[in-house]
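Trainee: Structure provided below as structure tokens; questions to follow.
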Amino acid sequence: ISLTIFYKKSGYIVWDISQFCGICGRICDISQNGRKSNMDMRAKTCCFTGHRSLNGAEKLTVGVRLRKTIKELVKQGVVFYGAGGALGFDTLAAQTVLDMKKEYPQLRLILVLPCEDQTRGWRSEDIAVYENIKRRSDKVVYVSREYTPDCMHRRNRHLVDHSGTCICYLTRDSGGTAYTVDYARKKGLHVVNIARSI
């Protein structure tokens, strides 16, 4: 797998991540001890997936539940949070983590993005929010430089593959969110569906 890993503070770029832990940002040893370390980092990592459309009332309710769920995870030592940068739930999740860093400065937001031109065709106000989140995030990962038919799919699997928990907002049994949640369950992640708590 080839990803572009961009560290905002150091400007370090990694192309070959065969020994790279894609969420936590550590260069992992390929020894057994390195694999254990990688598993330990997954236990401290949560990813988000959810629908791209949220109305005003829905967004407010989901936001309250999301914050409460993250607080519970922080108590369990989960400090790394991966979001896919899409509109809707992804954006709300990223903004929530960034806001909660005021209370929990140990939190880290990692954006795992499908391609560098993800915002092509977006409204200018949505692009402004997206760029603000990118600037404030702790790390940005690109699955592909340019859009490809499978880059969204690869982004979702990458988020799951490097996490131990998945917070989702799932209200229907089809689509990208449903696929990602199903994949997360098959991979053994602890899945919290905020929609069931509303």
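The values are calculated or read from the model by the stated rules, or taken from the named source; none is laboratory data. All of these numbers come straight from a predicted model, not from anything done at the bench. Cβ: placed from backbone, ideal geometry, glycine included. Neighbour counts: every protein chain shown. Ligands, DNA and RNA are excluded from the accessible area calculation, which covers all protein heavy atoms including side chains. Shrake-Rupley method; radii C 1.70, N 1.55, O 1.52, S 1.80 Å.
Trainee: Does any residue of the range 91-102 turn out to be small (G, A, S), in contact with a Leu (Cβ under 9 Å, 6 or more places away or on another chain) and over 19 Å from L159 (Cβ atoms)?
Mentor: The answer is no, given that none of the residues of the range 91-102 is small (G, A, S), in contact with a Leu (Cβ under 9 Å, 6 or more places away or on another chain) and over 19 Å from L159 (Cβ atoms).
Trainee: What pairs can you find where one residue is in the range 87-110 and in contact (Cβ under 8 Å) with a residue 60 or more places away in the chain and of a type in the set (A, V, I, L, M), the other is open to solvent by 10 Å² or more (accessible area, probe 1.4 Å) and in a loop (DSSP other than H, G, I, E, B), and their Cβ atoms are less than 7 Å apart, with a gap of 6+ or different chains?
Mentor: I110/D138
Trainee: Kindly list the number of the only condition in (1) under 16 Å from D90 (Cβ atoms); (2) aromatic (F, W, Y); (3) crowded, with 18+ Cβ neighbours inside 10 Å that fails for Y183.
Mentor: Tallying (1) under 16 Å from D90 (Cβ atoms); (2) aromatic (F, W, Y); (3) crowded, with 18+ Cβ neighbours inside 10 Å, Y183 fails exactly one: (1).
Trainee: Of all residues in the range 116-134, which are hydroxyl-bearing (S, T, Y) and touching a residue at least 40 places away in the same chain (Cβ under 8 Å)?
Mentor: If the condition is that a residue be hydroxyl-bearing (S, T, Y) and touching a residue at least 40 places away in the same chain (Cβ under 8 Å), then Y130 is the only one that fits.
Trainee: Among the residues of the range 62-114, which ones are touching a helix residue (DSSP H, G or I) at 6+ places or on another chain (Cβ under 7 Å), small (G, A, S) and farther than 22 Å from M41 by Cβ?
Mentor: Across the range 62-114, the qualifying residue is only G63.
Trainee: Would you mind finding the one in I110, I194 that is under 12 Å from the mean Cα position of the chain (by Cα), surrounded by 15 or more Cβ atoms within 10 Å (Cβ to Cβ) and of a type in the set (V, I, T)?
Mentor: The match here is I110.
Trainee: Checking I167 against (1) modelled with pLDDT of 95 or more; (2) more than 21 Å from V74 (Cα to Cα); (3) buried (at least 19 other Cβ atoms within 10 Å of the Cβ): exactly one of these is not met. Which one?
Mentor: (2)
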